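For reference, the structure discussed in these notes is given below.
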Amino acid sequence: MKVSQVNEDQSQVVLNIEVEPPELEEHMDRVYKRAVQRVNIRGFRKGKAPRSVLERQLGRDNMLEEAYETLLPQMTAKAIEEHNLDVVATPRVQITQTNPLTIEATVAVRPSVVLGDYVSFRLEPEQVEVTSKEVEDVVNSLLQEAGTWEPVERSVELGDMITMEVHGLVEETSIIDDKGVDYIISAESTNPIPGFAEQLLGINQGDVREFTLPFPDDYPQADFASKDCNFTVTLEEVKERKLPELDDEFVHTLKIDEVESVSQLMDKLRSDILKHNRQITDQNYQEKVIQALIDGAQLEIPPLMVDEEVNNYLADQAQAMQRQQIKMEDYLSTVGKSVEQLQEEVRPSAVERITRSLTLMALREQEGIEVSPEEIEEELDSMLGQTSAEAESLRQMLSSDNGKSSIANSLLNRKTLEKLTSIARGEVTIVTPPTEDSNPHQDQTESERGPQDA
């Protein structure tokens with residue numbers, strides 16, 4: 001095998017691979033040994049026909065095509081290893097010449113990432129608090145969940161539950177024909193169509209109301225989109241939700257550990273809401289700091305890497321749809337899009353994900369962040385909690401190479417983000433920003449170094 005490398009832009013290189021005749025013959029011989037066992041050739045016992053006879057029977061070009069299936073990836077992999085390339089996507093391979101057999105492999109290599117002056121970036125964290133309205137909203141939600149529906153003799157109001165008979169016609173075709181339907185009157189409801197709930201306000205038991213509403217232009221069922229639907233609704237019953245009193249007796253029904261009174265409930269809710277708000281605030285802070293890191297970085301993403309990310313994303317979407325008994329082709333037909341259009345729609349998101357990943361990886365390497373086997377075991381113990389038969393089964397799965405690799409990646413990401421946010425908060429001081437030619441830790445004082453720097 002002879003290999004020459006041609007550098008290209010955008011972190012992609014082209015390898016021109018000339019396959020030696022013995023290498024091609026080796027793969028042709030493999031094809032022969034497989035094919036001779038399955039092909040019946042007149043005058044020969046199965047598996048005994050000479051290769052020359054089998055080639056005439058099957059056609060040499062057909063056998064070559066089968067040989068290429070293993071030869072191309074194998075030769076490409078050998079060429080990549082020979083040139084010590086850090087590949088980040090499946091190479092694009094094509095045959096440019098058949099005599100001698102020459103392969104052109106376009107290879108996406110990991111791009112270099114030049115980080116900006118992230119060590120000087122500062123961002124003041126937001127204050128986290130709990131408002132009275134937040135507590136009231138949770139209390140109201142608990143009361144609503146515990147409420148009961150009771151019949152009332154009055155007209156329909158927002159928040160009521162009604163029982164109705166409903167008919168719907170689109171162009172004289174019946175699309176709804178139901179009796180005894182329970183329906184909650186909510187201003188936010190879009191079922192079965194936006195505006196339906198509002199049309200029922202003010203009517204009384206036994207009343208019949210007729211009205212017409214248009215289906216939205218983007219309605220999932222394309223056959224109905226933008227068309228009018230004529231509704232006839234007969235109101236059978238009106239119910240309102242009766243809420244319990246907020247007292248200690250109600251609190252007992254919630255069965256919350258160490259909560260026996262209204263005051264304890266309020267304290268518990270404030271604590272839980274504060275924890276939730278802090279998580280949201282921390283996530284938002286983290287995202288802002290990551291975006292600042294990305295904005296200051298310079299990198300060139302290989303197009304092949306983006307193409308593969310797009311295809312992987314769409315493959316995941318297709319699998320998710322398949323689990324819901326939906327085919328990708330049917331979905332595309334419903335939304336009126338081609339595969340190419342869908343690819344272009346998700347391409348910006350693919351670029352964002354790749355940029356984020358490569359930039360954080362560069363930061364991790366710049367800061368020398370690593371994970372020890374002991375840290376992986378500690379994380380594994382933390383994930384499993386108390387020992388049990390189920391935990392032991394999970395431990396065996398997570399203790400595999402793939403399991404430990406997944407845990408290690410999770411820990412690396414966590415430690416990288418902790419380091420980045422610590423710098424942004426001013427908790428870690430680096431006197432001289434690191435450069436491409438400097439040791440990123442050489443200007444830190446002993447007290448500033450974390451465990452990963454020791």
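Considering only residues that are more than 39 Å from the chain's Cα centre (by Cα) and in a loop (DSSP other than H, G, I, E, B), which ones fall in the range 187-208?
Step one: of the range 187-208, the residues more than 39 Å from the chain's Cα centre (by Cα) are 199-208.
Selection gives Leu201, Gly202, Ile203, Asn204, Gln205, Gly206, Asp207.
Test of understanding: among Ser438, Ser422, Ser399, which residue is under 15 Å from Leu363 (Cα atoms) and at pLDDT below 80?
Within the list Ser438, Ser422, Ser399, the selection yields Ser438.
On the basis of being assigned by TED's automatic domain parsing to the domain that holds Ser141, modelled with pLDDT of 95 or more and of a type outside the set (Lys, Arg), does Val262 make the cut? Don't jump to the end; show me each part of the working.
Values: assigned by TED's automatic domain parsing to the domain that holds Ser141: yes; modelled with pLDDT of 95 or more: yes; of a type outside the set (Lys, Arg): yes.
Yes.
Only one of Ile203, Ile162 is closer than 30 Å to Leu254 by Cα and either surrounded by 12 or more Cβ atoms within 10 Å (Cβ to Cβ) or not acidic (Asp, Glu) (or both); which? Full working, then the answer.
Numbers: Ile203 fails: closer than 30 Å to Leu254 by Cα.
Going through Ile203, Ile162 in turn, the sole match is Ile162.
Output the number of residues of the range 165-186 satisfying the condition of being in contact (Cβ under 8 Å) with a residue 24 or more places away in the chain, surrounded by fewer than 16 Cβ atoms within 10 Å (Cβ to Cβ) and part of a loop (DSSP other than H, G, I, E, B).
Looking only at that region, the number is 2.
Going by the structure shown, is Asp61 out of contact with any Phe, Trp or Tyr (no Cβ under 9 Å at 6 or more places or on another chain), without any contact (Cβ under 8 Å) to a residue 24 or more places away in the chain and either of a type in the set (Asp, Glu) or over 20 Å from Ala35 (Cα atoms) (or both)? Before you say what the answer is, go through the steps one by one.
Working: out of contact with any Phe, Trp or Tyr (no Cβ under 9 Å at 6 or more places or on another chain): yes; without any contact (Cβ under 8 Å) to a residue 24 or more places away in the chain: yes; either of a type in the set (Asp, Glu) or over 20 Å from Ala35 (Cα atoms) (or both): yes.
Criteria met by Asp61.
Condition check ((1) assigned by TED's automatic domain parsing to the domain that holds Gly336; (2) over 30 Å from Ser271 (Cβ atoms); (3) in contact with a strand residue (DSSP E or B) (Cβ under 7 Å, 6 or more places away or on another chain)) across all residues:
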{"position": "Lys133", "(1), (2), (3)": "no, no, no"}
{"position": "Val138", "(1), (2), (3)": "no, no, no"}
{"position": "Val152", "(1), (2), (3)": "no, yes, yes"}
{"position": "Val166", "(1), (2), (3)": "no, yes, yes"}
{"position": "Val170", "(1), (2), (3)": "no, yes, yes"}
{"position": "Asn191", "(1), (2), (3)": "no, yes, no"}
{"position": "Thr212", "(1), (2), (3)": "no, yes, yes"}
{"position": "Ala225", "(1), (2), (3)": "no, yes, no"}
{"position": "Val233", "(1), (2), (3)": "no, yes, yes"}
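Filter the range 226-249 down to residues that are of a type in the set (Ser, Thr, Tyr) and at pLDDT 95 or above and give me whichever is surrounded by the fewest Cβ atoms within 10 Å (Cβ to Cβ).
Thr232
Quick check on Val113: is it surrounded by 12 or more Cβ atoms within 10 Å (Cβ to Cβ) and farther than 20 Å from Ser4 by Cα?
yes
Starting from the range 22-39, take each residue that is in contact (Cβ under 8 Å) with a residue 40 or more places away in the chain and list its partners that are assigned to a helix (DSSP H, G or I), counting only C-beta distances under 6 angstrom and pairs at least six apart or across chains.
His27/Ala67; His27/Thr70; His27/Leu71
State yes or no: is Glu136 modelled with pLDDT under 95, of a type in the set (Asp, Glu) and either in contact with a Phe, Trp or Tyr (Cβ under 9 Å, 6 or more places away or on another chain) or exposed (fewer than 15 other Cβ atoms within 10 Å of the Cβ) (or both)? Before the answer, list the steps.
On the way: modelled with pLDDT under 95: no; of a type in the set (Asp, Glu): yes; either in contact with a Phe, Trp or Tyr (Cβ under 9 Å, 6 or more places away or on another chain) or exposed (fewer than 15 other Cβ atoms within 10 Å of the Cβ) (or both): yes.
So Glu136 fails the test.
Out of all the residues in the range 9-25, which are of a type in the set (D, E, K, R), in contact with a Pro (Cβ under 9 Å, 6 or more places away or on another chain) and surrounded by 14 or more Cβ atoms within 10 Å (Cβ to Cβ)?
Hit for the range 9-25 is Glu18, nothing else.
Pick out, from the range 251-355, the helices (runs of 4 or more DSSP H) lying fully within it that include 1 or more residues that are in contact with a Leu (Cβ under 6 Å, 6 or more places away or on another chain).
Per the criteria, 262-296.
So the check is Cβ under 7 Å with 6+ separation or different chains; which pairs have a first residue in the range 72-96 that's loosely packed, with under 15 Cβ neighbours inside 10 Å and a second one that's charged (D, E, K, R)?
That search, which allows pairs on different chains as well, returns Asp86/Arg110; Gln94/Glu104; Thr96/Glu104.
The values are calculated or read from the model by the stated rules, or taken from the named source; none is laboratory data. For clarity, every value in this text was computed on a predicted model and none was experimentally measured. Heads up, the Cβs are rebuilt from the backbone with ideal geometry, glycines too, and the neighbour counts pull from every protein chain shown.
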